[in-house]
Amino acid sequence: MKKIFSIITTAVFLSIGIGGCIKNDQIIFEDRQVEIDATSWNANGAGLTYPIIGRIPGYGRVANTTDSTLRRLSGTVRIRLNLIGAQLTKGETVGYELFTSPITTFSMPATIAGQTPSAPAATLTVTDAVPGTHFTALSGKVDFPANSSFAFLDIPILNVAATPGAGRFLGIKLNSSGTLKIAINYSQLGLVIDQR
């Protein structure tokens with residue numbers, strides 16, 4: 001009797017175990033979206049849904065050997081855009097627009113020792129950057145090349161006269177005016193240009 005009971009119990013547990021296994025379909029992301037690279041690895045500003053940075057994003061420069069502070073004499077600053085999903089078989093575009101500053105001050109970090117020109121830490125009074133005065137006017141579109149996971153938004157910073165204690169804000173927001181979709185959570189970035 002015990003043997004029959006044990007066989008039945010084993011059969012019941014096996015049937016539950018075998019029947020309990022449900023094949024999970026593999027989740028495959030087939031869409032394509034674009035994000036601003038610097039937004040995925042910088043913390044959001046206080047009370048904001050995007051970061052505001054005062055350093056040149058790290059892509060394409062050697063860390064700790066060049067001046068990384070975003071300043072009026074930085075030249076062209078390159079913002080990398082990432083494609084999420086499969087690479088494109090043909091070139092497409094990403095649209096963007098500029099937005100105004102949500103802040104009035106920004107604590108600019110000191111330049112790392114050994115970098116030139118050196119600058120101490122400072123709290124800057126922030127106003128909006130003006131196209132044609134603080135940076136070269138931008139087109140509102142970035143070409144995303146075929147067979148690539150990256151595109152670049154180049155922002156030519158203009159070297160205007162020094163303004164002590166001033167910072168200029170440049171906000172970039174990806175939008176739907178291009179042919180690619182936007183990753184909403186990583187579509188905005190604020191830059192503060194040190195005008196000292």
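Please treat every number below as a calculation from the coordinates, not as lab data. Given the structure is predicted, the values throughout are model-derived calculations rather than measurements. Glycine gets a Cβ as well: all are built from the backbone with ideal geometry, and neighbour counts include every protein chain shown.
Taking the Cα-to-Cβ direction at residue 46 and at residue 121 and moving 7 Å from each Cα, how far apart do the two end points lie in nm?
1.4
If you plug each phi of segment 156-173 into the Karplus form 6.51 cos²θ - 1.76 cosθ + 1.60 with θ = phi - 60°, what whole-Hz ³J(HN,Hα) values come out, in order, with x for Gly and Pro?
x, 7, 8, 8, 8, 4, 5, 10, x, x, 10, x, 10, 9, 10, x, 10, 10
Hey, any idea what Rg/Rh is for segment 26-194, computing Rh the Kirkwood way over Cα pairs?
Answer for segment 26-194: 0.99.
Give me, ordered by chain and number, the residues 5 or more places off residue 144 or on other chains with an amide H under 5 Å from its own placed amide H.
Here the answer is 92, 93, 94, since their amide H atoms fall under 5 Å of that of residue 144.
Work through the residues other than residue 121 whose Cβ is under 12 Å from its Cβ and net out their charges, Lys, Arg +1 and Asp, Glu -1.
Within the 12 Å Cβ shell, the charges total 0.
List, in order, the whole-Hz ³J(HN,Hα) value for each residue of segment 93-107 obtained from phi through the Karplus relation with A = 6.51, B = -1.76, C = 1.60 and θ = phi - 60°; use x for Gly and Pro.
10, 10, x, 8, 9, 9, 9, 8, 6, x, 10, 10, 9, 8, 7
Amide H to amide H under 5 Å from residue 55: which residues, 5+ apart in sequence or cross-chain, H placed 1.01 Å off N in plane?
Result for residue 55 returns 70.
If Lys and Arg each add +1 and Asp and Glu each add -1, what is the summed charge of the other residues whose beta carbon sits under 13 Å from the beta carbon of residue 41?
Within the 13 Å Cβ shell, the charges total 0.
How large is ³J(HN,Hα) for each residue in segment 135-149, as worked out from phi by the Karplus curve 6.51 cos²θ - 1.76 cosθ + 1.60 (θ = phi - 60°), to whole Hz, x for Gly and Pro?
Listing the rounded values in order: 8, 5, 3, 9, 7, x, 9, 10, 7, 9, x, 5, 6, 9, 9 Hz.
Report the local net charge at residue 92: Lys and Arg +1, Asp and Glu -1, summed over other residues whose C-beta lies under 9 Å from its C-beta.
It works out to a net charge of +1.
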